[in-house]
Amino acid sequence: MGLLQLVLLATPIGIWLLYKWLYRLRIEQLKGFPQPPISVFWGHLKLVGEYTAKGNPNRHSDYVFEDIHKLAGRPEVMALDMRPALGYPLLIINDHTIAEQIVKPSKLFKYSTPKSATMEAIQGLIGDTSIISNKGGEDWKALRKRFNPGFAPSHLITLLPQILSKTEMFTNRLTKLAESGEEFELEKLCTSLTFDIIAAVVLDHDFKAQLPEGQQDSLMTDYAALLKTYDSSEAMPVNRFRNRWGKQPRLIARVDSTLKVIIRTKFSEELAARAAGHPSKGRSVIQLSLQDITELTPDVLQTTADQVKSFLFAGHDTTSTTLQWAIYELSLSPRIRTALADELDHVLGPATDFASIATRLLSGKEDLLGRLTYTSAIIKETLRLYPAAASARRSLPGSGLTLRLSDGRDLCVDGWVLYVNHYSIMRDPKVYGESADEFMPERWLGDVDTSMEAEYGFEAEALPGKGEKESGRSVPPSAWRPFERGPRNCIGQELANLEARVILAAVARGFEFEKVGIGRVRCGEDGAPVVGPKGKYEVVEPMFNRRQVTSKPIDNMVVRVKLAKLHAEENQIKPCY
Ligand code: HEM
């Protein structure tokens with residue numbers, strides 16, 4: 001037999017063997033799993049590619065998953081096989097009851113299903129011993145115990161003066177931008193504010209992130225430079241190579257070295273306080289975490305520095321993104337803005353200048369922030385529609401992890417990456433009804449208590465929109481999970497809620513924002529904004545998030561701002577120029 005005949009015979013056999021292998025890998029392994037149409041050769045790769053190409057290529061993958069989820073008939077879980085592009089089969093969790101099975105402690109996993117390795121991509125940024133990527137054993141429990149006290153609500157409220165002083169800088173910057181009338185990226189302002197706050201709360205350190213470049217703290221600039229090396233625009237192979245082997249190790253060493261100096265100083269203060277027989281004066285998260293430490297060994301020092309990096313990472317852009325979306329939604333709805341202003345007038349008094357608001361909040365006579373129920377409802381609704389993060393878990397092959405579907409079937413998901421898709425879970429029409437995609441803070445008033453501070457009282461009755469709440473519908477607590485639930489829930493959620501309430505209270509009445517570019521208001525022929533059926537301005541094209549380690553507004557939220565106090569009719573912000 002000649003070579004040509006051999007090749008001609010071998011080729012179909014090779015193709016047949018490949019087909020058989022792929023068939024076993026894809027069709028048989030995924031049998032019984034709800035999924036969109038699959039191809040033996042491509043798995044779901046081609047489908048995901050096609051759906052990605054249907055929208056902006058930079059949009060967050062959650063939007064693509066949601067479109068495919070609808071195509072597949074909205075199953076509670078959905079298998080996606082993107083091998084070999086992803087090294088494992090992916091199970092997207094779209095239902096809150098199934099998500100609970102993964103994130104709650106179980107017989108198999110005492111502290112819930114371990115985190116997947118996805119966070120390893122940013123290990124340099126958060127440190128090798130980071131609480132965020134820790135798989136979830138006793139070492140994680142010990143870390144959580146050590147750092148929990150610094151994030152307790154009763155402790156955080158003592159840091160209100162620091163949060164307010166950083167917020168004042170933010171309002172000053174907004175005032176200047178309102179005077180100049182220029183367009184700007186709200187993301188930059190919000191992120192430098194949340195950076196300042198997280199550094200103050202965690203380290204009692206002034207990042208000066210809101211000052212012009214050149215006047216910022218060197219730890220801040222080093223950390224921001226390190227962060228930038230994880231930017232997806234740096235993902236070109238040549239940049240990746242340069243970052244991985246050049247910039248990143250250098251920046252990590254610099255950040256670690258500065259942090260270690262700060263931590264050593266804090267530990268010395270702690271020892272001095274102990275020797276003097278009184279508690280240390282320092283109130284930062286780090287200071288509190290050193291209270292039970294007897295010796296600052298190299299291990300303890302590195303672990304502490306890693307957690308600071310983790311808190312800086314997890315605590316800046318998540319809160320910033322939430323603020324940006326809340327401000328954007330307010331700019332589209334005069335009705336919600338008025339309701340918010342009414343509540344702020346009622347609880348904080350009619351003066352809208354920063355000094356009056358701060359004095360009132362710091363008066364300490366009553367829990368004023370706790371009374372800002374409509375403000376909290378706005379934050380809660382923002383977190384529902386625009387969750388900044390999600391959770392990915394994985395149990396190793398052979399662990400025996402099964403998920404029970406609503407029809408009673410059990411699926412073995414060992415080796416799968418389980419992606420708890422906050423975006424689709426919190427827009428589930430089975431839970432949120434026909435208004436699932438609408439921004440409707442009122443849904444949280446009255447009969448639902450799914451967050452730590454929701455305690456809707458007398459204001460709920462008086463608030464506009466109360467009648468629009470879907471009658472009798474109550475949202476199960478697990479259907480609202482932007483901070484995830486179970487033992488691995490967000491350690492910083494109370495801080496995020498506190499920051500968001502303070503910042504919204506400080507800006508909501510003093511400033512009015514107008515989106516520019518993507519997501520801008522649609523103007524009618526008469527030059528006025530086109531108002532939709534529920535009093536919300538219509539937009540030319542929807543605003544959306546991109547993935548940049550976490551979810552972030554696609555254009556960094558380009559806006560213009562005006563001072564609301566200038567509100568003579570002719571000065572009012574008019575979305576349609
Ligand atoms: C709106 C703001 C925030 C959102 C939406 C958010 C969301 C989340 C989510 C979904 C998780 C679970 C991640 C996973 O399972 O992989 C998480 C964990 C975490 N978050 Fe947040 N977060 C926010 C603010 C903060 C802040 C201000 C901090 C401050 C330190 C923080 C620190 C952490 C940490 C350390 C973890 C890991 C906890 C553990 O595994 O024990 N987050 N966050």
> Counting pairs of alpha carbon atoms under 8 Å apart in space and at least six apart in sequence, what relative contact order in percent does the chain give?
Replying inline: 20
>> Run the helix sum for the chain: -39,500 (n - 2.57) per DSSP H stretch of 4+ residues, divided by residue count, reported at 222 nm to the nearest 500 deg cm²/dmol.
In response: -13500 deg cm²/dmol
> Taking the chain on its own, what percent of its Cα-Cα pair distances exceed 36 Å?
Replying inline: 40
> Listed here are the pairs LYS188/LYS536; LYS145/LYS166; LYS20/LYS430; LYS188/LYS309; LYS208/LYS247; LYS166/LYS281; which of them are more than 31 Å apart at the Cα?
Replying inline: LYS20/LYS430
>> In 10 Å bins starting at zero, report the fraction of Cα pairs in the stretch 29-88 per bin as a rounded %.
In response: 22, 57, 20, 1
> Cα convex hull of the stretch 467-538: how many Å³ per residue?
Replying inline: 181
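How high is the relative contact order of the stretch 16-145, in percent, counting Cα pairs under 8 Å that sit 6 or more residues apart?
The normalised contact order for the stretch 16-145 reaches 16 percent.
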>> Considering all alpha-carbon pairs of the stretch 79-167, what whole percent are spaced by more than 22 angstrom?
In response: 52
> Using alpha carbon coordinates only, what is the Rg to Rh ratio of the stretch 1-127, with Rh defined as the Kirkwood radius?
Replying inline: 1.10
> In the chain, which longest range has no GluC sites (Glu not before Pro) that are both DSSP loop (not H, G, I, E or B) and surrounded by at most 10 other Cβ atoms within 10 Å?
Replying inline: 1-181
> In sequence order, what are the phi-derived ³J(HN,Hα) couplings for the stretch 92-109 according to the Karplus relation 6.51 cos²θ - 1.76 cosθ + 1.60 with θ = phi - 60°, rounded to whole Hz, with x for glycine and proline?
Replying inline: 8, 9, 10, 10, 5, 6, 6, 4, 4, 4, 8, 9, 8, x, 9, 4, 6, 10
> Using Cα atoms only, what is the angle between the long axis of helix 493-507 and the major principal axis of the chain, expressed in degrees (0 to 90) to the nearest 10?
Replying inline: 50
>> If you average 1/r across every pair of different Cα atoms in the stretch 312-455 and take the reciprocal, what Kirkwood value do you get, in Å?
In response: 18.2
>> So if I take the centroid of the Cα atoms in the stretch 265-325 and the same for the stretch 505-532, what is the distance between those two points in Å?
In response: 42
> Where does each of ASP62, ASP342 land when they are ranked from fewest to most other beta-carbon atoms within 10 angstrom?
Replying inline: ASP342, ASP62
> For the stretch 253-396, what's the radius of gyration and Dmax over Cα atoms, in angstrom?
Replying inline: 21.1, 58
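Can you give the convex hull volume of the alpha carbon atoms of the stretch 257-309 per residue, in Å³?
Taking the convex hull of the Cα positions in the stretch 257-309, it is 69 Å³ per residue.
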> How big is the convex hull of the Cα atoms of the stretch 282-323, per residue, in Å³?
Replying inline: 66
>> Only counting other Cβ atoms within 10 Å, I'd like TRP140, TRP444 sorted with the fewest neighbours first.
In response: TRP140, TRP444
> So how far, in whole Å, is the C-alpha centre of the stretch 105-152 from the one of the stretch 373-426?
Replying inline: 17
>> Out of all DSSP beta bridges in the chain, what portion is antiparallel? Express it as a percent rounded to 5.
In response: 90
>> Output the 0 to 90 degree angle, nearest 10, between the alpha-carbon long axis of helix 3-22 and the longest principal axis computed from the alpha carbons of the chain.
In response: 50
> Taking every pair of alpha-carbon atoms in the stretch 102-236, what share in percent sits in each 10 Å bin, from 0 to the bin with the longest distance?
Replying inline: 10, 28, 32, 22, 7, 1, 0
>> Just to be sure I understand the model, the point goes 7 Å from the Cα along the line to the Cβ. What's the resulting GLU541 to CYS412 distance in nm?
In response: 4.8
>> Quick check on the exposure proxy: order SER180, SER289 from fewest to most C-beta atoms within 10 angstrom.
In response: SER180, SER289
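Computed from the coordinates by the stated procedures, all read-outs in this text should not be read as laboratory data. Note that this is a predicted model, so its numbers are computed, not measured. When we count neighbours, we look across all protein chains shown, and the Cβ atoms used for this are built from the backbone with ideal geometry, even at glycine.
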